[in-house]
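The values are calculated or read from the model by the stated rules, or taken from the named source; none is laboratory data. Worth saying up front: this structure is predicted, and the values here are computed from it rather than measured. Reconstructed Cβ throughout: ideal geometry from the backbone, glycine too, with neighbour counts over all protein chains shown. Accessible surface is based on the protein model in full, side chains and every heavy atom, while ligands, DNA and RNA are left aside. Shrake-Rupley method; radii C 1.70, N 1.55, O 1.52, S 1.80 Å.
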Amino acid sequence: MIKKKSLSLLLCILVSLFAEISAKPTEAVVGEKWTVEEMLSAEQASAFQISPDGRMAVWLKSALNKEREKMVTNLQLSYLNEKRKIELTRGNESSTNPRWSPDGQLIAFITARSSKGKSSAEDEPKPQIWLINPYGGEPWPLTETSRGVMLLEWLDAENLLFAAQEDSSSYENRVKERKDGSKVVEDELHTPPVRLFCVSVKTKKVVRVTDNEDRISSFYVSPDGSSFVSIHEKSLRYVYDNKIKPEVYLYDIKSRKRKQLFTERKFNIGQIKWMQNSKAFYATNDYTSHPQYVHATVTEVYYYELESGETIKVDLDWERGLSSGLEVTEDGFLALLANGVKNRLARYYLKSGRWERGFIEFSEPRHKENLFGLALSKDYKTLLYSYSTSSEPLQWYKATVEGTKISSGTELTDLNPNFKKKAIAKTEIVRWKGALNEEVEGILYYPHNYQVGKKYPLVVMIHGGPFGADLDTWSDSWSRPQNLVAERGSFVFKANYHGSSNYGLKWAESISNGKYYELEIPDIEKGVDYLIERGLVDSDKLGVMGWSNGGILTTALTVETSRYKAASAGAADVDWTSDWGNADEGATFDGYYFGKSPLEDPQLYIRKSPFYRLDKVRTPTIIFFGSEDVRVPAEQGWMHFRALQQLGNTDVRFLIFPGEGHSPKKFVHLRRKVEEELQWFDKYLFKTFKPENEAIKPDSLLAYKMKLASTKRDGRRYGEMKNGYLVPETIKWEGLERLELGRFEVTRAQ
């Protein structure tokens with residue numbers, strides 16, 4: 001039975017809640033607030049493979065493993081004609097590279113889990129091939145290589161091919177015996193080759209298949225198991241200078257003979273997709289007009305026929321090229337075409353030596369352009385695809401393909417069900433005139449509490465690359481937490497500045513050869529001005545953040561202007577001469593975007609380096625780096641930090657994550673990054689930061705007493721005087737701006 005006092009309180013809350021919802025404009029977002037942990041631990045799905053009979057799909061699900069403090073991937077099995085899903089693997093070690101056997105009776109995958117119980121720190125298990133029966137039972141190990149397995153593919157129902165480094169040489173053993181931890185940089189002579197081996201499912205016997213002296217980075221087996229195409233890395237310094245290119249070979253397994261393909265300099269082969277008849281395959285190629293450096297590219301498609309040995313370029317009739325995803329059909333292929341912030345799905349038919357394109361029509365129109373992954377069944381009738389928008393979390397769907405028409409997709413995954421309760425920012429695709437008066441495209445996230453006619457703060461979040469892009473897909477992450485910022489009552493703005501991918505080669509190459517910084521900065525600044533002119537943004541409340549190239553451009557903006565009140569620069573270069581010598585791709589990146597090396601034009605590198613102009617910075621800046629970053633070494637962060645600290649013109653804070661590379665992986669570091677970043681913006685942009693008393697434990701009796709002491713009183717009575725009456729103190733309800741609740745129980749007398 002509900003007491004009158006409780007019933008009255010409940011009615012008051014319901015009336016207040018109704019008034020709160022009714023008073024909100026339709027643009028406002030209602031839902032639970034986000035926590036940093038919820039955002040960071042978002043589940044992800046990838047690597048979908050449909051079984052040979054088309055009944056099931058195996059895929060990888062990534063989720064936070066709190067014991068290991070990192071994201072761990074495990075195998076999932078989904079039935080395509082019924083709502084049934086099985087978790088095939090569990091544990092603290094990730095499982096990757098799932099592959100169906102040709103007869104569909106087994107699934108092979110790679111994992112570093114131990115088959116002998118717990119291992120000591122000195123005897124950490126190496127990644128090996130494991131097998132599992134999709135119809136039930138525990139997985140079991142197939143290989144025991146000393147260095148571990150890197151890649152795998154089925155050769156036939158009883159044998160697998162895998163890539164692995166050769167066993168330790170006598171030279172390595174001698175070094176190990178001496179306990180010599182010295183490393184020779186790019187030691188071509190003693191770095192072991194990566195070769196292909198065949199292992200029998202029944203006997204576990206391993207036989208070497210190739211005797212190459214280089215390193216096989218990827219390989220693709222024909223459906224009939226008679227051939228494979230492999231890509232060989234020829235130089236340990238290729239990432240640094242792009243001089244000695246990888247080579248592509250076609251192997252005949254029976255004769256053990258190989259033939260080199262795609263020998264011209266223009267070829268940078270990425271992926272091979274075989275026709276089901278094993279007589280031909282398609283290859284993707286990242287084309288650049290630069291004679292040496294491979295940075296900004298457009299993805300082309302080539303067709304190779306085994307019998308004739310002819311290589312034919314497919315005319316996609318699409319200037320922006322391929323985005324991601326190519327699935328071979330019986331008479332051509334399906335392809336996701338690059339289309340700015342979106343993709344466009346098309347089907348290509350091979351007819352009389354040329355390809356005809358037809359754009360795919362969906363019975364569900366909203367799925368038409370927001371596809372970001374594909375998987376096609378062997379009978380070409382079932383398509384799995386991922387759908388998402390920047391304000392709608394990603395899910396995978398199953399649909400039926402009939403020519404250029406796809407039936408309505410049925411949802412296959414249920415990732416992050418807790419997101420349905422969350423407040424999610426409304427988004428808008430925006431376009432404005434940027435540098436060179438060309439149209440620039442981007443995405444605008446609205447504040448959760450948005451009301452028409454009001455102006456709000458703006459945080460610019462800049463993507464990395466620079467050959468990257470912000471697509472119209474769900475992308476909240478540790479590097480750019482959109483909804484955690486939007487719930488603070490701020491717009492979030494992402495710009496696909498000159499040099500971004502998904503807009504074609506001309507756009508991608510526009511900032512090369514000395515034009516780096518010259519177009520990107522105006523693009524972003526003009527985009528911010530456009531939003532201010534629309535009356536959306538308060539020009540006195542601007543912030544900027546980014547990681548890698550996003551951090552580089554963030555730093556450049558703080559040098560160019562003081563209008564940003566807070567900045568976060570992660571893994572950002574400030575001295576390009578240092579980058580040229582210390583970064584793993586120093587010569588390629590700097591040579592491509594600046595046109596010369598610092599040996600050729602040292603003054604150019606001084607002019608381009610923000611370090612020599614950091615005296616102009618007035619924006620409070622927080623800096624992040626991984627201690628083991630080789631893409632942008634942490635020395636850059638030290639130079640940035642020391643310069644701002646010693647100049648003393650603004651506040652600066654510097655965090656280093658020990659043991660981390662270019663992108664932090666440990667959950668504790670990701671959480672620290674986001675929390676520190678948000679706190680920095682709360683302090684300098686939103687002006688809402690209230691420092692904690694670090695001397696007092698939050699759950700202590702003293703903390704409770706101090707909290708109680710902060711309540712409002714009139715003499716010895718709790719409450720506050722209004723119009724001559726003592727009324728209960730109210731506090732705002734989190735997530736609903738206008739709803740207030742009494743701090744204490746309301747008595748009958750009150």
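The C-beta contact set for region 714-732 (first residue acidic (Asp, Glu), second residue outside any strand (DSSP E or B), distance under 7 angstrom, 6+ apart or interchain) comprises 720/712; 720/729; 729/711; 729/712; 729/719; 729/743. None of 523, 538, 575 is among the acidic types (Asp, Glu), farther than 21 Å from residue 611 by Cβ and surrounded by fewer than 24 Cβ atoms within 10 Å (Cβ to Cβ) except 538. Of the residues 478, 474, the single one that is in contact with a strand residue (DSSP E or B) (Cβ under 9 Å, 6 or more places away or on another chain) and farther than 21 Å from residue 551 by Cβ is 474.
Counting the residues of region 642-663 that are touching a Leu at 6+ places or on another chain (Cβ under 7 Å) and either part of a loop (DSSP other than H, G, I, E, B) or open to solvent by 60 Å² or more (accessible area, probe 1.4 Å) (or both) gives 2. Considering 195, 178, 113, the condition of being on the phi < 0 side of the Ramachandran plot and in contact with a Phe, Trp or Tyr (Cβ under 8 Å, 6 or more places away or on another chain) is satisfied by 113 alone.
Matching residues to (1) basic (Lys, Arg); (2) closer than 22 Å to residue 501 by Cα; (3) free of Cβ contacts under 8 Å to residues at least 60 places away in the same chain; (4) buried (at least 20 other Cβ atoms within 10 Å of the Cβ):
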site: 330; (1), (2), (3), (4): no, no, yes, no
site: 336; (1), (2), (3), (4): no, yes, yes, yes
site: 359; (1), (2), (3), (4): no, yes, yes, no
site: 363; (1), (2), (3), (4): no, no, yes, no
site: 370; (1), (2), (3), (4): no, yes, no, yes
site: 374; (1), (2), (3), (4): no, yes, yes, no
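Among the residues of region 552-564, are any assigned to a loop (DSSP other than H, G, I, E, B), open to solvent by 60 Å² or more (accessible area, probe 1.4 Å) and of a type in the set (S, T, N, Q)? Yes, there is a match, as at least one residue in region 552-564 is assigned to a loop (DSSP other than H, G, I, E, B), open to solvent by 60 Å² or more (accessible area, probe 1.4 Å) and of a type in the set (S, T, N, Q).
Would you be able to say whether some residue in region 391-406 is modelled with pLDDT under 95 and not in a strand (DSSP E or B)? Taking every residue of region 391-406 in turn, at least one turns out to be modelled with pLDDT under 95 and not in a strand (DSSP E or B). Once region 326-341 is narrowed to residues that are touching a strand residue (DSSP E or B) at 6+ places or on another chain (Cβ under 9 Å) and outside any strand (DSSP E or B), the residue that is farthest from residue 372 (Cα to Cα) is 331. Tell me yes or no: at least one residue of region 259-268 is in contact (Cβ under 8 Å) with a residue 60 or more places away in the chain and either in a strand (DSSP E or B) or buried (at least 20 other Cβ atoms within 10 Å of the Cβ) (or both). No, the conditions are met nowhere in region 259-268. Scanning region 354-367 finds no residues that are part of a loop (DSSP other than H, G, I, E, B), under 24 Å from residue 321 (Cβ atoms) and of a type in the set (Ser, Thr, Tyr).
Yes/no per residue for (1) open to solvent by 10 Å² or more (accessible area, probe 1.4 Å); (2) under 18 Å from residue 510 (Cα atoms); (3) assigned to a strand (DSSP E or B); (4) without any contact (Cβ under 8 Å) to a residue 24 or more places away in the chain:
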| position | (1), (2), (3), (4) |
| --- | --- |
| 285 | no, no, yes, yes |
| 293 | yes, yes, no, no |
| 299 | yes, yes, yes, no |
| 324 | yes, no, yes, no |
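Could you check residue 458 against (1) in contact with an Asp or Glu (Cβ under 7 Å, 6 or more places away or on another chain); (2) open to solvent by less than 30 Å² (accessible area, probe 1.4 Å) and say which number it fails? Unmet condition: (1). Would you call residue 217 in contact with a His (Cβ under 9 Å, 6 or more places away or on another chain) and under 30 Å from residue 594 (Cα atoms)? Spelling it out, residue 217 is indeed in contact with a His (Cβ under 9 Å, 6 or more places away or on another chain) and under 30 Å from residue 594 (Cα atoms). Taking the stated definitions as given, is residue 311 in a loop (DSSP other than H, G, I, E, B), more than 26 Å from the chain's Cα centre (by Cα) and under 27 Å from residue 502 (Cα atoms)? Answer is no for this residue. Considered as a group, the residues in region 43-60 that are open to solvent by 40 Å² or more (accessible area, probe 1.4 Å) and not aliphatic (A, V, I, L, M) include one that is nearest to residue 101 (Cα to Cα), and that residue is 52. Only residues that are in a helix (DSSP H, G or I) and exposed (fewer than 15 other Cβ atoms within 10 Å of the Cβ) were counted in region 614-641, giving 2. Scanning region 406-434 for residues that are open to solvent by 70 Å² or more (accessible area, probe 1.4 Å) and either touching a residue at least 60 places away in the same chain (Cβ under 8 Å) or out of contact with any strand residue (DSSP E or B) (no Cβ under 6 Å at 6 or more places or on another chain) (or both) turns up 414, 420, 421, 426, 433.
Here is a yes/no grid of residues against (1) open to solvent by 40 Å² or more (accessible area, probe 1.4 Å); (2) β-branched (Val, Ile, Thr); (3) more than 25 Å from residue 423 (Cα to Cα):
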| site | (1), (2), (3) |
| --- | --- |
| 356 | yes, no, yes |
| 378 | yes, no, yes |
| 385 | no, no, yes |
| 397 | no, no, no |
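Table: residues versus (1) of a type in the set (Asp, Glu); (2) at pLDDT 80 or above; (3) surrounded by 10 or more Cβ atoms within 10 Å (Cβ to Cβ).
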| position | (1), (2), (3) |
| --- | --- |
| 693 | no, no, yes |
| 709 | no, no, no |
| 714 | yes, no, yes |
| 737 | yes, no, yes |
| 741 | no, no, yes |
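Residue 26: modelled with pLDDT of 85 or more, open to solvent by 60 Å² or more (accessible area, probe 1.4 Å), β-branched (Val, Ile, Thr) and more than 30 Å from residue 99 (Cβ to Cβ), yes or no? Taking the combined requirement at face value, the residue does not satisfy it. Quick one: is residue 466 assigned to a loop (DSSP other than H, G, I, E, B), open to solvent by less than 70 Å² (accessible area, probe 1.4 Å) and within 30 Å of residue 558 (Cβ to Cβ)? Yes: the conditions hold for residue 466. For region 483-523, the candidate set comprises residues that are of a type in the set (A, V, I, L, M) and touching a strand residue (DSSP E or B) at 6+ places or on another chain (Cβ under 8 Å); within that set, the residue that is nearest to residue 677 (Cα to Cα) is 485. Every listed requirement among (1) on the phi < 0 side of the Ramachandran plot; (2) among the small types (Gly, Ala, Ser); (3) surrounded by fewer than 20 Cβ atoms within 10 Å (Cβ to Cβ) is met by residue 569 save one, (3).
So residue 352 fits all but one of (1) in contact with a helix residue (DSSP H, G or I) (Cβ under 7 Å, 6 or more places away or on another chain); (2) more than 18 Å from residue 406 (Cα to Cα); (3) not β-branched (Val, Ile, Thr); what number is the exception? Only one criterion is unmet by residue 352, namely (1). If the condition is being over 27 Å from residue 465 (Cα atoms) and part of a strand (DSSP E or B), then region 269-281 contributes 274, 280, 281.
Screening residue 607 against (1) assigned to a helix (DSSP H, G or I); (2) buried (at least 24 other Cβ atoms within 10 Å of the Cβ) leaves a single unmet condition, (2).
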